[in-house]
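Trainee: Handing you a structure now.
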Amino acid sequence: MSPFMLGILILFISALLALALRREHEAASRVGAFGAMLGCAVATIPVLRAMAGAEIPSLILPWSMPCGSLIFRIDLLSALFLLPILLVSALGALYGLAYLRPYADRKPVGSLGRCWFWYNLLVAGMLLVCVSHNALMFLVAWELMSLASFFLVAFDDEKTEVRDSAWTYFIATHLGTAFIIALFLTMGVAAGSFDFADFHKATLGPGVMGVLFLFAVIGFGTKAGFMPFHVWLPEAHPVAPSHVSAVMSGVMIKTGIYGLLRMLMLMGHPPAWWGWTLIGIGLVSGVLGVLFALAQHDLKRLLAYHSVENIGIIAMGSGLGMLGISIGSPLLTTLGFAGALLHVINHALFKSLLFFGAGAVQHGAGTREMDHLGGLLKRLPLTGLFFLIGAVAISGLPPLNGFVSEFLIYLGAFHSGATLHGTAALSGVAVITGLALIGGLAAACFTKVFGTVFLGAPRTEHAAHAHECGILMWLPMLTLAALCAAIGLCAPLAANAMAPVVANMTGLAPEQTALAVTYAQWPLTGVVTAAVALLLALCLLALLRRRLLARRSVGATGTWDCGYARPTARMQYTSSSFAQPITDCFRMFLGTRTSLRAPGEPFPQQPGRLSTETPDIFIARFYRPLFSWITRPLSWTLNVQHGRVQLYVLYVALTLVALLIWALGWPQ
Amino acid sequence: MSSWIDGVMVVLILTNLALLGTSRITVCIRIIALQGVVLGTLPMLAGEEVTLRLALLTTATVLLKGVVFPWLLLRAMRKAEIQREVEPYVGYILSVMVGLLSLGGSVWLAQGLPLPGPMAGTLALPVALFMIFVGLFTICSRRKAISQILGYIVVENGMYAFGAVILDEVPTLVELGVLLDVFVAVFVMGVAIYHIRREFDHMDVDQLDTLKG
Amino acid sequence: MNSLIHPLLALLLAPLLLGIINRTKALFAGRTGQPLLQAYFDLAKLLRKGAVYSETTTWVFRAGPIVGVAAPVVAIALIPFGGIPALLNFPGDLILFAYLFGLMRFMTVAAALDTGSAFEGMGASREVQFSALAEPALLLGLAALARLTGDLSLSGILGSLTPQDWAHAAPALALVTAGLLVVYLAENSRIPVDDPNTHLELTMIHEVMVLDHGGPDFGLILYGASLKLWALGAILTGVVLPFHDERLWPGIVIALGGMFGLAVFVGVVESSMARLRLLRVPQLLVAAMVLSALALVLLMR
């Protein structure tokens, strides 16, 4: 445990140093970034040992509060979530070093140092969240994480939309925290201690437990991005610096999943409807997430909606796992949870890869608007290649890692659909339909992204003069892309590693989960065999093609646009036109707004204009009415707000007197 | 034999889904006619032996549901010069999806209602529930009065299927009474549509609220 | 060793399916039609040609056709044929089967977008829309078959399906067949979803995506398309003709007969139907999804 704490200490110290050195851009950045990397590297040692099965002794500190003990522990579930956090945070620090450099001239003095201060605090917060086994410490770490990420989102705070997005995030995350506090209070009071280890002692009726389950889903789901609590993701991710978006979207939202799983396992034997709720949320988040992503034309906003989609897939896997526990099927439990947990890691890899790629595009071309880009593969060959790998992986296509985790969830769903009886079998049908639809739509979405941003001809000057990023930025991408391929090609090993985690988490006997994972070994070996065969076939065909063309004439000319002599870049299909048939097909869920100004009569004086916008339907139809409904009765409190210190002191004094009277009783 | 009944049930489900996904009213009426014919044969298939009573009931049902109702409705359409589009409030694909969901719901509900009877194990009960849901949904989600009649007929068909499940022998009198009821309803609505059309020059049900004082 | 028979047959005979379809259509139209082996002649000619590439394109454009052949080749290795188990079979291979075509589509679409042509973008856009709706239909249909046979691998499912299943679960199997048939026609860009013979770029889907490919690249695309036609057809044939024999050859002959029969059927469909309006295609695919889901519900009791 001590190397881990040392790592966190390094993070805190480097954060403070970066803040202290903030007048010197370069020094502050170096201290911050290297501190983050060093801290992560040191903390990785015990995490790897825990994953390998070693027992890491807990760190128990004296705590003067009557709420249990201050206890830090790395068990397998923590280790599994810590691994991607450490990796992505370290890579993000390396990337951020180069990514933030252009900001040094643009931003006021000191902002880079502050950025690194909050970045390292965010990393420390995430690490602490995953090892705290006491409700109070957990909340402190949770708050540290939320606040640090809030300040990071507000990095570009001179822009109004950035400030608005940051506030949306701030409010959303704290509303979520309120539910978590309610959950912890109820559980802790019932159990008589705020240590997680004692939470199982809480004996509450099934009704109360059901409410607590919903609290956990709302509270942690807000952080994770379950629909309809996802509204902050598409606001906050696009405006944060790209390495921060990568960390937030890749790993920070996973702490929500971590908290949810941790709590669910402490809440006793789950009724079937818990599993069903998770599956339902997963379906909604997955399908609507990818549909909203399709309708976006801001690259990072689109990626943010894809996080909602992938969280949906994780929720579906967890739902199958919960259902498996509830009906007593170790196979379903293991397949569902193993798929979900592996997807946690996989999503961390490819989503941060994609955000890094998006950052490189923004860095190189100066815009995130996809319809202004195009043809970047020629200008940014490395970024383009890595982005393509990430895009194939996130679409869940073989032979990369996204397919492996979705395959495990599919296998669970097929198992449930093909062999179980009664309603449980319907869960398989629901998950299969959902995953298939999500898979097809995600592939549509990423062909759109890759096609409009990296392929074709540049649509604007920005895109035509884009430049490739430096090694500090492409090296993290290379690492992540290689890991995506590695997990895809070592699928059986990856699944094997999940078995003890699931056993540790669910309390199933390790033999049972190992048996279930053995069940998945044969299929996964088959998948890998097929992947290798695919790669071999690709190489052979490429060689064949090369030989065929070797002795022939190979010419180059303009694109044959069905005989049209002079196609221009502006005639290309844009991202909006590419997605239009699908968004039109699902328009009742999306509410896309189109505004059209047709060009005038035969010789138009001014150009026509067509724009589409797809605002988040939950904000427009649910949250905005809800908040305006809440604001109305609360607005009378403005009457007591005058901004005079004297009055506020008076309020305090009156409250004190009232409390004293209430506590001591009315004097007789 | 059970396979035959399953086949009939599948045809019933498909006709309902087709009804939800069809945009032409004449096609809808024909679908309902097909549904009536198939439904009419159900007692024949379920019965142990073919009795005269069963044969008569079958013939009457098939004739009424498969020939008379559609004929009346088509006639009403022609007379009232109704346009061919269904004009739904809820789109066709979404309607089919709602249909599919309600099918899942019916299967789920039917598990909680184990009923005795010859067809208890078959799909008949979920299908009956499903038809009632589809009928109600059609009534709620379609603008035109004629679609609403179609909805009523589907609901009645559902009840007919329900009767076939729970009762060993459908009391002929009750069944014929129900048939007569619907017959009168269709007849009256057919006439009413004609007159609404003549008086108001349109026949959207949502315009009827202008009649209230 | 026997498992190698099907991949070899598929690799050799897949282009013949195109010839059979075309001959059937010619017969209906009262023409003599092209030779049965026309697709082979085309392939031979294309592979001997040089190529012209658009200056807009990158390596993605050249990679598209290669993935377009490699993915269906691997998919064919997952399919049993005439009672012989597949070369590669494991529980859940049906998921890989569906996703391999996803990979093929991803790269074909990317290659189309690489040209920067509006027409190809249009085709690509339609392709991803329709396949996104076809994928649930395919997987639900396969799930229904898995439910019926209690097995999760294609070899296990098609191997344990017998004519008796058609006797006692006829409605469900008929629904699955109908659903898979729609998927088969849609995924292979046949009428009523796409018309491979159309000459108007605005109405094309698959053909318009490959307008810019030529020479060996186009040969690979043609070959990949015929392999895809074979792969999905082999599943359909396996469901409709579940005859197995102790001996090797009768099963193969029946299955081959089924494949060619299916090609004739496609020819008949293409001769007797018009293609749907593009706006109606999603409805057809949703209908296929409904059919598959219904089959699954039927089998769940």
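Just so it is clear, none of the values below were taken in a lab; they were calculated from the coordinates. Please read all numbers here as calculations on a predicted model, not as lab measurements. For neighbour counting, all protein chains shown are included, and Cβ atoms are generated from backbone atoms with ideal geometry for every residue, glycine included.
Trainee: Determine the shape class of the range A:231-300: with a ≥ b ≥ c the square roots of the Cα gyration tensor eigenvalues, call it rounded for a/c under 1.5, and otherwise prolate if a/b is greater than b/c, oblate otherwise.
Mentor: Oblate, since a/c reaches 1.5 and b/c is not below a/b.
Trainee: Additional query: Placing +1 at every Lys and Arg Cβ and -1 at every Asp and Glu Cβ, with all other atoms neutral, what dipole size does the range A:131-174 have around its Cα centre, in debye to the nearest 20?
Mentor: 180 debye
Trainee: Would you please name the GluC sites (Glu not before Pro) within the range C:52-132 that are DSSP coil residues with at most 16 other C-beta atoms within 10 Å of their C-beta?
Mentor: Sites meeting the loop and neighbour criteria: C:E55.
Trainee: In µm²/s, what is D for chain C at 37 °C and 0.692 mPa s, where D = kT/(6 pi eta Rh) by Stokes-Einstein and Rh is the Kirkwood radius from Cα pairs?
Mentor: 168 µm²/s
Trainee: Quick check: the angle from helix C:170-187's long axis to the longest principal axis of chain C, C-alpha only, nearest 10 degrees?
Mentor: Between helix and principal axis, roughly 10 degrees.
Trainee: How big is the charge dipole of chain A about its Cα centre, in debye rounded to the nearest 20, if each Lys and Arg gets +1 on its Cβ and each Asp and Glu gets -1 on its Cβ?
Mentor: The dipole magnitude comes to about 1240 debye.
Trainee: List the trypsin sites (Lys or Arg not before Pro) within the range B:1-86 that DSSP assigns to loop and that have no more than 13 neighbouring Cβ atoms inside 10 Å.
Mentor: The qualifying sites are B:R84.
Trainee: Taking the Cβ-Cβ separation of A:L59 and A:Q641 as r and a Förster radius of 60 Å, what is the calculated FRET efficiency to the nearest 0.05?
Mentor: Calculated transfer efficiency: 0.85.
Trainee: Looking at the square roots a ≥ b ≥ c of the eigenvalues of the Cα gyration tensor of the range A:108-219, which shape do they give, rounded for a/c under 1.5, prolate if a/b is larger than b/c, or oblate?
Mentor: Oblate is the answer for the range A:108-219, as a/c is 1.5 or above yet b/c matches or exceeds a/b.
Trainee: Follow-up question, since we're still on this one. If the limit is 25 Å between Cα atoms, which of A:K378/C:K228; A:K159/A:K300; A:K378/A:K448 go over it?
Mentor: Too far apart for the 25 Å limit: A:K378/C:K228.
Trainee: Right, something else. Among all stretches of chain A without exposed trypsin sites (Lys or Arg not before Pro) (DSSP loop, at most 14 other Cβ atoms within 10 Å), which one is longest?
Mentor: That gives A:160-550 as the longest site-free run.
Trainee: Is it possible to state the helix-based mean residue ellipticity at 222 nm for chain A, with each DSSP H run of 4+ residues giving -39500 (n - 2.57), the sum divided by total residues, to the nearest 500 deg cm²/dmol? What is it?
Mentor: -24000 deg cm²/dmol
Trainee: Give me the Debye-computed log₁₀ of I(q)/I(0) at q = 0.17 Å⁻¹ for the range C:147-301, equal point scatterers on Cα only, no solvent, two decimals.
Mentor: Listed by q, the Debye log ratios stand at -1.09.
Trainee: While we're here: Straight distance only, please: which lysines reach the Cα of B:K144 with their own Cα at less than 25 Å, same-chain residues fewer than 8 apart left out?
Mentor: B:K65, B:K79, B:K212
Trainee: Just for the protein assembly as shown, what percent of DSSP beta bridges are antiparallel, to the closest 5?
Mentor: 80 percent
Trainee: Counting Lys +1, Arg +1, Asp -1, Glu -1, what net charge surrounds A:P458 among other residues with beta carbon under 10 Å of its beta carbon?
Mentor: +2
Trainee: Cut-off under 16 Å on the C-alpha distance; same-chain residues fewer than 8 positions from A:K223 excluded. Which lysines are left, in chain and number order?
Mentor: Counting by Cα, and skipping residues close in sequence, A:K223 has these lysines nearby: A:K254.
Trainee: Then there's this: Would you look at the GNM of chain C, springs on alpha carbons closer than 10 Å, and say which of C:G83, C:G33, C:G258 moves the most?
Mentor: Evaluated over chain C, the most mobile residue of the options is C:G33.
Trainee: What's the angle, to the nearest 10 degrees (0 to 90), between helix C:281-299's Cα axis and the longest principal axis of chain C?
Mentor: Computed tilt is about 20 degrees.
Trainee: To the nearest 10 degrees, how steeply does helix C:215-240 sit against the main Cα axis of chain C, on a 0 to 90 scale?
Mentor: That helix lies at roughly 20 degrees to the long axis.
Trainee: Given springs between every Cα pair under 10 Å in a Gaussian network model of chain C, which of C:V182, C:V69, C:V60 has the largest fluctuation?
Mentor: It is C:V60.
Trainee: Most fluctuating residue of C:L103, C:L11, C:L248 in a GNM of chain C with Cα springs under 10 Å: which is it?
Mentor: C:L248
Trainee: Between C:A112, C:I20, C:T32, whose Cα lies farthest towards the positive end of the dipole of chain C when Lys and Arg beta carbons carry +1 and Asp and Glu beta carbons carry -1, centred on the Cα centre?
Mentor: The listed residue farthest towards the positive side: C:T32.
Trainee: Among C:L180, C:S153, C:T203, which residue has its Cα furthest toward the positive end of the charge dipole of the range C:2-299, with +1 on Lys/Arg Cβ and -1 on Asp/Glu Cβ?
Mentor: Looking along the dipole axis, the top candidate is C:T203.
Trainee: Calculate the dipole size of the range C:165-301 relative to its Cα centre from +1 charges on Lys and Arg beta carbons and -1 charges on Asp and Glu beta carbons; express the result in debye to the nearest 20.
Mentor: Dipole magnitude for the range C:165-301 comes out near 420 debye.
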